[in-house]
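Below you'll find the structure, written out as structure tokens, and then a few comments.
The values are calculated or read from the model by the stated rules, or taken from the named source; none is laboratory data. Just so you know, these numbers come straight off a predicted model, no measurement behind them. Because the Cβ atoms are built from the backbone with ideal geometry, glycine has one as well, and the counts that use them run over all protein chains shown. We work out accessible area using only protein heavy atoms, side chains counted, and drop any ligands, DNA or RNA first. Shrake-Rupley method; radii C 1.70, N 1.55, O 1.52, S 1.80 Å.
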Amino acid sequence: MKTAEFFALCMIVTVISFLGFIVENIWLAATKGYIDNRSMCLPFLIGYGLAILAIYLLFGTPAELVFFGKKLKIKSTFAKLLIYFFAVMVCVSVGEIILGTIVEKTCHFYWWDYTRLPFHITRYTSIPTSMAFSFLITTFMRHFFNPLMDFFLRMEPNKLQVLSLTFMTLMTVDFLYNAVRIFKKKELNQLWKIDTRNSLGYRLIHS
């Protein structure tokens, strides 16, 4: 992997980390009627970005499907999309179970709970949520990943390096700082919370 590609991937991680923050708050706004800082100081959830990076390294993109770096010789676009979708779905489910269980065992609380949802597998994952995440990830990797990579690779190399290292450092420090606080306090680190129950979207869903 070239140096420029590495830094471009770091910027992809940054973009996805921000989108993860947005997606979680959209879900909260729609289901619980509030948004908050998601236990971070900055509006980035680095776990999302690193998860997408891992998926890319394992499976590539739907257009260039690989398995642990080995290109799969599948010609059908639909078949590649289907394989990619289910591979990502399995990764999401396993990742959620592992992360949720680690937090439960080390911090002694439930970070999230899907038991109210149909087809849940443990309290930390469910078929509907995993399918939704897989759809979003597959869509992003098919339509937006390569254009974003090309955009970052066209940046001036020094600027790309400074931006990527700055964002990765900030997100890593933010994650570690808040992870330690959560571990010590045994509770989520809520710095701010905004009520959204009066929003049109919430009222339409819960009417």
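Checking each residue in region 132-142 for being in contact (Cβ under 8 Å) with a residue 12 or more places away in the chain and either of a type in the set (A, V, I, L, M, F, W, C) or within 30 Å of residue 186 (Cβ to Cβ) (or both) picks out 133, 135, 136, 137, 140, 141.
Is there a residue being part of a helix (DSSP H, G or I) and among the small types (Gly, Ala, Ser) anywhere in region 158-177? Let's see the steps before the verdict.
Of region 158-177, the ones part of a helix (DSSP H, G or I) are 158-177.
From what is left, the residues that are among the small types (Gly, Ala, Ser) are 164.
Scanning region 158-177, I find at least one residue that is part of a helix (DSSP H, G or I) and among the small types (Gly, Ala, Ser), so the answer is yes.
Looking at 81, 50, which is the one that is open to solvent by 20 Å² or more (accessible area, probe 1.4 Å), in contact with a Pro (Cβ under 6 Å, 6 or more places away or on another chain) and assigned to a helix (DSSP H, G or I)? Among 81, 50, only 81 is open to solvent by 20 Å² or more (accessible area, probe 1.4 Å), in contact with a Pro (Cβ under 6 Å, 6 or more places away or on another chain) and assigned to a helix (DSSP H, G or I). Filtering region 1-40 to residues that are outside any helix (DSSP H, G or I), over 28 Å from residue 158 (Cβ atoms) and either free of Cβ contacts under 8 Å to residues at least 12 places away in the same chain or touching a helix residue (DSSP H, G or I) at 6+ places or on another chain (Cβ under 8 Å) (or both) leaves 32, 33, 34, 35, 36, 38, 39, 40.
Take residue 55 and tell me if it is touching a residue at least 40 places away in the same chain (Cβ under 8 Å), open to solvent by less than 20 Å² (accessible area, probe 1.4 Å) and among the hydrophobic types (A, V, I, L, M, F, W, C).
On the way: touching a residue at least 40 places away in the same chain (Cβ under 8 Å): yes; open to solvent by less than 20 Å² (accessible area, probe 1.4 Å): yes; among the hydrophobic types (A, V, I, L, M, F, W, C): yes.
When the stated conditions are applied, residue 55 passes them.
The residues in region 135-166 that are open to solvent by less than 80 Å² (accessible area, probe 1.4 Å), within 29 Å of residue 85 (Cα to Cα) and of a type outside the set (D, E, K, R) can be counted, and the count is 13.
Within region 22-44, not a single residue is surrounded by fewer than 19 Cβ atoms within 10 Å (Cβ to Cβ) and farther than 30 Å from residue 194 by Cβ. Only one of the numbered conditions (1) at positive phi; (2) touching a residue at least 60 places away in the same chain (Cβ under 8 Å); (3) surrounded by fewer than 17 Cβ atoms within 10 Å (Cβ to Cβ) is not met by residue 63, and that is (1). Write out, first by first residue and then by second, each pair whose Cβ atoms fall under 6 Å of each other, whose residues are 6+ apart or on separate chains, and whose first residue, in region 112-131, is open to solvent by 40 Å² or more (accessible area, probe 1.4 Å) while the second is in a strand (DSSP E or B) and among the polar types (S, T, N, Q). Note: pairs meeting the criteria are 119/126; 120/126.
To keep it simple, each residue is scored yes or no on (1) farther than 25 Å from residue 40 by Cβ; (2) aromatic (Phe, Trp, Tyr); (3) at pLDDT below 95.
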residue: 142; (1), (2), (3): yes, no, no
residue: 145; (1), (2), (3): no, yes, no
residue: 155; (1), (2), (3): yes, no, no
residue: 163; (1), (2), (3): no, no, no
residue: 175; (1), (2), (3): no, yes, no
residue: 193; (1), (2), (3): no, no, no
residue: 196; (1), (2), (3): no, no, yes
residue: 200; (1), (2), (3): yes, no, yes
residue: 204; (1), (2), (3): yes, no, yes
